[in-house]
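The structure under discussion appears below in the form of structure tokens.
Read-outs throughout are calculated quantities, based only on the coordinates presented, and are distinct from any laboratory measurement. If you're wondering where the values come from, they're calculated on a predicted model, not measured in any experiment. In this analysis, Cβ positions are derived from the backbone assuming ideal geometry, glycine residues included, and neighbour counts consider all displayed protein chains.
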């Protein structure tokens with residue numbers, strides 16, 4: 001009689017006698033207080049300034065952060081948004097297949113976070129279709145007037 005467990009486990013063993021070549025170095029996200037020193041990090045690394053909330057990267061060379069893109073992160077001050085638009089109920093289209101919609105052209109050049117409030121100031125959930133990096137379509141079960149805050 002053959003011991004089934006021993007037979008299966010011995011068939012699944014893998015022995016590596018010669019290791020493969022070293023893989024490429026991964027990107028690193030460094031952090032600190034203040035802008036990064038040029039001697040910190042290598043090409044393609046990123047850096048986060050914990051004081052000013054600026055994200056740098058990728059680093060374009062091993063010797064300098066000059067030319068690296070920067071983005072300021074963190075919560076926007078109350079009432080500060082990249083873009084907002086207010087609409088009246090009459091500008092909502094539909095229904096098409098039972099769904100109402102409102103197209104918003106924002107021209108921000110990215111896919112923004114979206115917060116929707118009705119005219120009474122209540123935060124509502126709607127469908128959000130990102131048509132492009134410059135336009136969204138809100139979809140809703142019932143038409144309403146409100147404001148879309150994009151950041």
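Numbers at a glance
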quantity	calculated
Rough spin-label spacing in nm, given labels placed 7 Å along Cα→Cβ, for residue 70 and residue 118	4.3
Contact order relative to length of the chain, as percent, for alpha carbon pairs under 8 angstrom and 6 or more apart	17
Global geometry of segment 80-151, whether rounded, prolate or oblate, following the gyration tensor of its Cα atoms and the 1.5 cut on a/c	oblate
Segment 26-73: Cα Rg divided by the 2.2 N^0.38 Å rule of thumb	0.97
Where labels lie 7 Å past Cα in the beta-carbon direction, separation of residue 16 and residue 89 in nm	6.6
Modelled FRET efficiency - R0 25 Å, residue 60 with residue 111, Cβ distances, 0.05 increments	0.50
Selected from 14, 71, 114 as most flexible by GNM, with the chain as the system and alpha-carbon contacts under 10 Å	14
For segment 79-146 and segment 14-59, distance of Cα centres in Å	38
Helix-only mean residue ellipticity at 222 nm for the chain, each DSSP H run of n ≥ 4 adding -39500 (n - 2.57), per residue, nearest 500	-1500 deg cm²/dmol
Anisotropy class of the chain from Cα gyration tensor, a/c 1.5 cut	oblate
Computed FRET value (nearest 0.05) for residue 132 with residue 27, which takes r as the C-beta separation and R₀ as 22 Å	0.20
Fluctuation leader among 13, 135, 22 - the chain, Gaussian network, Cα springs under 10 angstrom	13
